[in-house]
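Trainee: Shown below is the structure under consideration.
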Amino acid sequence: MATVTLGELIERARDAADMTDDFPTRETFVRWLNVDRARLDVMIARHGMVYNLDREDITADGSLSYEFTQPIAIVAVYELDNQGRYRRLRAADAVDGRFDVVTTGAAEVYKIDRTSSGEVSLTFWPIPASGTYQVYVIPASDELEDDGDTVDYPMAWEEWLVLSAARRALAKEESSTAEVMRQMRELESHIE
């Protein structure tokens, strides 16, 4: 994976849009790149490429739910037993009514909710009083702010960010975005 700085992304986007002045501003490019970075991360995850996997460990203590920072996606949840073996839990569906019945024991199913503070709330059923559960997630990327902040994508996929910012700059200038859009579609096909 190539490491590319925020400053490089902005410079490449200006080049792709043939912008020679300070229009749009650096702050505008940063805002666009952060929005589109989240979109790119979701697109990559939806196509099944997990290149940035992280894990949240939960030690069950009988709590009704456990909170952690909202990721892009939850890939899987496992119970880790005393002998080091993993047992995968099933994700609850929208009408799974088991959570209405308070039952204790080793968890079989998990449910995800979003809290008002932007955290993710993970609820197990049955409610485990002990044990270790591992939640594999694709974490949300940190916001880009400083020119030295970096992105790391395989196979030069950061070019999608460059093209998206260039498209936005051209649209803001009321210029044609057709060629940049064609290049973005070509790159999206490559990512797929």
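A short reminder: the numbers here are calculations on the coordinates, not readings from a lab. On a predicted model such as this, the values are computed, not experimentally measured, just so you know. Cβ: placed from backbone, ideal geometry, glycine included. Neighbour counts: every protein chain shown.
Trainee: How large is ³J(HN,Hα), in whole Hz, for each residue of region 177-191 in order, when computed from phi with the Karplus curve 6.51 cos²θ - 1.76 cosθ + 1.60 and θ = phi - 60°, using x for Gly and Pro?
Mentor: Running phi through 6.51 cos²θ - 1.76 cosθ + 1.60 with θ = phi - 60° gives 10, 4, 5, 5, 4, 4, 5, 5, 4, 4, 5, 4, 4, 5, 5 Hz.
Trainee: Further, regarding this structure: Given Cβ point charges of +1 (Lys, Arg) and -1 (Asp, Glu) and nothing else, what value in debye, to the nearest 20, does the dipole of region 73-123 about its Cα centre take?
Mentor: 180
Trainee: HN-Hα J couplings of region 11-23 from phi, Karplus 6.51/-1.76/1.60, θ = phi - 60°, integer Hz, Gly and Pro as x?
Mentor: Those phi angles translate into 4, 5, 5, 4, 5, 5, 8, 6, 9, 10, 10, 8, 10 Hz.
Trainee: OK, next. What FRET efficiency comes out for the pair T104/M43, r = Cβ-Cβ distance, R0 = 35 Å, nearest 0.05?
Mentor: With R0 = 35 Å, the Cβ-Cβ based efficiency is 0.30.
Trainee: Also: Short version: ³J(HN,Hα) in whole Hz for each residue of region 119-128, in order, from phi by Karplus 6.51 cos²θ - 1.76 cosθ + 1.60 (θ = phi - 60°), x for Gly and Pro, what are they?
Mentor: 8, 9, 10, 10, 10, 9, 9, x, 7, x
Trainee: Same structure again: So how strong a dipole does region 1-157 carry about its Cα centre when Lys and Arg Cβ are +1 and Asp and Glu Cβ are -1, to the nearest 20 debye? Walk me through the numbers before you get to the answer.
Mentor: Working: 15 positive and 29 negative charges, 190 e Å.
With only Lys, Arg, Asp and Glu charged at Cβ, the dipole is about 920 debye.
Trainee: Given the alpha-carbon gyration tensor of region 46-170, what are the semi-axes of its equivalent ellipsoid in whole angstrom, ordered largest first, with each equal to the square root of 5 times an eigenvalue?
Mentor: Numbers: eigenvalues 248, 52, 36 Å².
The three semi-axes for region 46-170 are 35, 16, 13 Å.
Trainee: Express the C-alpha Rg of region 1-71 as a ratio against the empirical globular expectation 2.2 N^0.38 Å, rounded to two decimals. Don't skip to the end; give the middle numbers.
Mentor: Details: Rg = 18.3 Å, N = 71, 2.2 N^0.38 = 11.1 Å.
Scaled against compact globular proteins, the figure is 1.65.
Trainee: Give the residue list of GluC sites (Glu not before Pro) in region 107-146 that are DSSP loop and have at most 10 other beta-carbon atoms within 10 angstrom. Could the numbers behind the result be given before it?
Mentor: Details: sites: E108, E119, E143, E145; in loops: E108, E143, E145.
Sites meeting the loop and neighbour criteria: E145.
Trainee: Out of residues 5 or more away from E119 or on other chains, whose amide H comes under 5 Å of its own, with H placed 1.01 Å from N in the peptide plane?
Mentor: Amide H neighbours of E119, under 5 Å, 5+ apart: none.
Trainee: What residue among W157, G131, H190 has its Cα farthest toward the positive end of the dipole of the chain, where the charges are +1 on Lys, Arg and -1 on Asp, Glu, each on the Cβ?
Mentor: It is G131.
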